[in-house]
Structure formats: C-alpha cells, structure tokens
Amino acid sequence: MTEMNDKSRAAAKGLRPVAAGMAAVLFLAAWHFLDVKDGSFQTGRNWLRGWYGLAVCWGMISLGILGFLALIRQKKWRPEVFFAVSGLLLGLLFMSVLPPLSAPDEVSHYVSSYQLSNRFLGKTAADPEGRVYIRSQDAWAEDVTDILADDGSSGSSEGAAVIFGQTVEQDTYEILRNRGFGGAEEESQEMVPSYQPAVRTTPLSYVPQALGISLGRLLGLGTLGLMFLGRISNLIFYCAAGFFAVRRTPFGKEVLCGVGLLPMSLHLASSMSYDVMILALTGYFLAVCLDLAYRAERVRLRDVLVLATVLAVMGPCKIVYGVIAGWCLLIPVKKFGGWGRWAAAAALVLGAFAAAMALVNLQTVAIYTGVEDRYIIWADEPGYSFAQLIHSPLKVLRLCYNTLAGYGEQLYSGLIGGMMGNLDPVLNVPYAVILALTVLLVILALRKPGEQLFMSLGQKVWIWFLCLLCLGALMFSMLLGWTPVSAAMIQGVQGRYLLPLLPAFLLTVKNDRVVRTWGKDGGILFAMACMDVYAILRIFSIVCLRV
C-alpha cells in the first residue's frame, strides 16, 4: 500500500510540470491563432484555421505522450525510447507544417530517391543524358506555374519555373489541399525526364526514401503521396538509428536526445534529405566508439566491421565527415589485443572509407582538384582553383576568419533552428527560444551528482581538434566549390553542417568542477519538446500571413 502511494505521489508530482508546459504551449498557440485568423480572412481560406487546430491537437497529444514517458513514468525512464517516440511524433508535426520539397536542396534529394526507386522497381533510371525518369503526373511539382518548355528552359518571359515547396506560403497549402495524396485515374503513367539534377553521391543514402517512394508508386498514390511516404520512411530510419545509438552509448544519452530534439534536427529528419543518413550514422558511429572506449572489455571483429560499414556508407555523402574516423583513437590499443590487431582494424576501417570514396566520389574530387579555371555558376563569376588555395594559406585563413566573424551568429542560429524551409530567413525559431534551447543543451551535458567522468583532458582536446578540423574542411570545401573570388567571406556555409559534430562536442563539457544539481533529464527534454511544438506552430502562423 505504501509503495502504491509513493508511485501515486511521484506521478502527481510529474504531472504538474507536464500540465504547466502544455498549458504554456496552448496559450501561445491561441495567441498565434490570431495571425492564422487574419491571414485566412484576407484570402477566404477559412480551412487554414481547421488545419491549424489539427496541428495544435497533434502537438498537445505529442506533448502528453512525451510528458508521460519523461516525467510521469519516471522509474521506467528509457532515453532511447524517448528519442524514438519524440522524433516520430514531432517529426510528423514538422513534416505537416513544412511540406515536401521545402527543406534545403530537398528537390534534388527527391529526384535522387526517385532514381533509386526506378531501379528497385526494375525500370530505366535515367535517360542517356542522365536526367532521371519520373511519372508524367509527377512533373507538376517541378513546374507549378507550367512555364517550362520541352527542353527544360523557361518558355515564358515572365520568369523561371516555380518548384513546389521552395517558398512556403498559403498557395503551397492550397496546392496540398487540392491535390491530396491520391493519383487521378486519367493521369498517365508514362515516364518523362525530370528537369532537376540528381545528387552525385552513394545511392545507399537514399534507400529509406526510395523504399517509401516505391511503396507509393505500387499503391498508385499521387505525387504528394510519394513524397510524404519518402519522408516518413526517412524519419523512421532516423528514429530507429537514434534509438540504437542512444541505447549503446555508455554515457551522455541525454545529450544525444537533446541534439535530436533541436528544431533543425527535426526539420531535416522529416525531409528527404541525405542529411538524415549523415546525422543518424555519425550518431551511431560515436555511440559505438564511446562504448568500445569506455565500457566494452575488448574490441571484437564485428565491432570493427560495424565501424567500417558505417563510415563507408556515410562518408561519400560529405567527404569532410570522414574526419570522425578520428573518434576511433579514443579506444585503447589494449582492447584490440595489441598493436598488430589495432593496425589491422585501422586499415579495415580506413580502407572501407577510401574504397567507398574511390567508388563514388573519385571523379568529383578529380574535377574540384584538377580544374585550374573554376567558374561559380550561381554567382556568374570566376572561382578559386585548388592550386590557388593551396598556395595561398594566409588568404584561406583570412577568409575563414572573416566568415566566422561575419556569419558566426547566422551559423549558430542555423545550427539550432534558424532559416527553416528552403533557407527562408522568415521561417525561423525565435532567438529567445534558440538561446533557451542552447542553455538546456549545456545543462544536459553537465555532470550530475555521482556521475562518473570517463574522458580525460587529452581526449577532450582530441575531440575539440577533430571538430575544428572538420569545420575547417567544411569551410575549405565551400570556398572551393561555392565562393567567387570577389567575395570577402566564404559562401554557402550553413549551421546545420555542424549538427553531426555537436553531440561529441557537448560530451566534453562534463567536468568535475561544475555539477548539475537542478533538473531531471526527462524534464529538460520535455521542456525542449514544448519549445519545438511552439516553434513549428508559430511557423504555421507565419505561413498563413504570406498571402
């Protein structure tokens, strides 16, 4: 009887912060409903109010479930379950507010997924010129205004083709409502070449998306049905990989959960971007390295094979993330059974990465490093050659410094949740929320009373060095491939590129000088979830004002 009373009191104690958080979000949602009401009144699209109400209901249901997992059911708290459930519930909410093709470069990732889907279904993937075949009924998404000529150029003097979702506004939701998920019976199943280029990378990064698109095609769904199934499949993969990563890591489980709950993480996870593969596999790679370094008694062959496979699959997506192979050096040599086995394991892991790079990216690397006179198409100006940059290290350093000084705040906000959608500066998370999420992340990373410290100062310094090296490689790659010579700062560097490095960096915050005595992990993560729901509902209201 006493035990039952204790459980009831604990549940009641956990219920209060859950109710308070949900009440705060509901109040703010009601406040932003005024914007939804004004925007829908101007255009007569009163159904937007109903959509907003459904989004609010889904957000409240999600927070109720997450509050139960994190605060009410405290004694059975499992961070890996919270990660998977929160990622799925909140990812679906983000997915519904920010529609298909609205994420950065998502149209190219969609076409790449479509190309792999063609192969899965035994169809011709692309024409002789490399343009991916899509169903004729799906071509509208690349040309909402219907002005493309047969050769892919603009057939109208009024402007260029408008891709669905590139700018999220009321008209985007109108198209979503009118078309729905089904395919019209009279629409042709003829395959036509897409106007959008596919991404030149490993097809393995598009397996989840392609499976979803293939399922939609087999079910006879329309364009939006294919896109949403591709997104949902990618989100499920992200949640599953995160579940296993959080479960395997010996410490810092709450940190991995917190990074996974950032608005930018959820936005990417609910898209068809191959960033999902990068985030999922770098997180799991870190978890395996930490497990082998600090918990496992010895390194087995299957552990080495896992590390090699993950690096080979993830590496070709973005070459610069190959730097994370350095996390393997956290593992003591004695756990391999001696220097000989350590060298063999290192050769296997690095060899798998090198083989994948040679198979997928050798031509791309040769193009970037071999061309003397580079040209940046988007800027219509000359760019830097590899030889120029190698022979001008001081200029490279100065450009890197200028970029961090000039774009530092933009990179920081972009890491957390700035410029959502297709790098839309209006669709962002309020700066106060960005600061609050940052504080909560740091609190999660602090040492708790009685918690063992695993990392030595030397190991922390090594992780800092790898993060700095990866940042430098990211900036150098954008300097080479995206920056015209007239620019005073490196162009194209985005805060979201740093997300794969964030968990490892935060784990180095733990120390024996600062101990967190306030806040339970579940409560902090629930607070972050509340901020996510508020942020995406606010974005919905902003979209409704775009008339």
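Name the residue that is nearest to G492 (Cα to Cα), counting only residues in segment 389-422 that are of a type in the set (F, W, Y) and in contact (Cβ under 8 Å) with a residue 12 or more places away in the chain. Filtering segment 389-422 for residues that are of a type in the set (F, W, Y) and in contact (Cβ under 8 Å) with a residue 12 or more places away in the chain, the one nearest to G492 (Cα to Cα) comes out as Y407. Count of segment 319-358 residues, restricted to those that are over 26 Å from F454 (Cα atoms) and touching a Ser or Thr at 6+ places or on another chain (Cβ under 8 Å), is 4. Filtering L307, L301 for residues that are farther than 25 Å from M227 by Cα and surrounded by 24 or more Cβ atoms within 10 Å (Cβ to Cβ) leaves a single hit, L307. Can you name every residue in segment 471-492 that is out of contact with any Gly (no Cβ under 9 Å at 6 or more places or on another chain), under 30 Å from K253 (Cα atoms) and hydrophobic (A, V, I, L, M, F, W, C)? Answer for segment 471-492, where residues must be out of contact with any Gly (no Cβ under 9 Å at 6 or more places or on another chain), under 30 Å from K253 (Cα atoms) and hydrophobic (A, V, I, L, M, F, W, C): L471, L474, M475.
Matching residues to (1) under 30 Å from C257 (Cβ atoms); (2) open to solvent by 10 Å² or more (accessible area, probe 1.4 Å); (3) of a type outside the set (S, T, Y); (4) over 27 Å from the mean Cα position of the chain (by Cα):
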residue	(1), (2), (3), (4)
E106	yes, no, yes, no
Y110	yes, no, no, no
Q115	no, yes, yes, no
Q137	no, yes, yes, yes
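Number of residues in segment 455-508 that are open to solvent by less than 40 Å² (accessible area, probe 1.4 Å) and either in contact with a Pro (Cβ under 6 Å, 6 or more places away or on another chain) or aromatic (F, W, Y) (or both) equals 1. Annotation note: of A473, A487, the sole residue that is outside any helix (DSSP H, G or I), out of contact with any Ser or Thr (no Cβ under 6 Å at 6 or more places or on another chain), at pLDDT below 95 and closer than 24 Å to L397 by Cα is A487. Scanning segment 403-446 for residues that are under 30 Å from P250 (Cβ atoms) and outside any helix (DSSP H, G or I), we see that the one that is least open to solvent (accessible area, probe 1.4 Å) is G417.
Starting from residues that are open to solvent by less than 10 Å² (accessible area, probe 1.4 Å) and of a type outside the set (S, T, N, Q), keep the ones in segment 245-258 and report whichever is farthest from L290 (Cα to Cα). Filtering segment 245-258 for residues that are open to solvent by less than 10 Å² (accessible area, probe 1.4 Å) and of a type outside the set (S, T, N, Q), the one farthest from L290 (Cα to Cα) comes out as G258.
Answer yes or no: is there a residue in segment 36-48 that is out of contact with any Leu (no Cβ under 8 Å at 6 or more places or on another chain), open to solvent by less than 50 Å² (accessible area, probe 1.4 Å), farther than 20 Å from G523 by Cα and part of a helix (DSSP H, G or I). Yes, some residue in segment 36-48 is out of contact with any Leu (no Cβ under 8 Å at 6 or more places or on another chain), open to solvent by less than 50 Å² (accessible area, probe 1.4 Å), farther than 20 Å from G523 by Cα and part of a helix (DSSP H, G or I). Does segment 261-273 contain at least one residue that is over 29 Å from F454 (Cβ atoms), polar (S, T, N, Q) and surrounded by fewer than 24 Cβ atoms within 10 Å (Cβ to Cβ)? Looking through segment 261-273, none of the residues is over 29 Å from F454 (Cβ atoms), polar (S, T, N, Q) and surrounded by fewer than 24 Cβ atoms within 10 Å (Cβ to Cβ). Listed by position, the helices (runs of 4 or more DSSP H) contained in segment 291-381 that have at least 3 residues being at pLDDT 95 or above are 301-314, 339-360.
Among the residues of segment 235-244, at least one is open to solvent by 10 Å² or more (accessible area, probe 1.4 Å), among the β-branched types (V, I, T) and either touching a residue at least 24 places away in the same chain (Cβ under 8 Å) or closer than 23 Å to G417 by Cβ (or both).
The values are calculated or read from the model by the stated rules, or taken from the named source; none is laboratory data. Model, not experiment: these values are computed from the prediction. Every residue, glycine as well, gets a Cβ built from its backbone with ideal geometry; the counts of neighbours run over all protein chains shown. The area values use the complete protein model at the heavy-atom level, side chains included, leaving out ligands, DNA and RNA. Shrake-Rupley method; radii C 1.70, N 1.55, O 1.52, S 1.80 Å.
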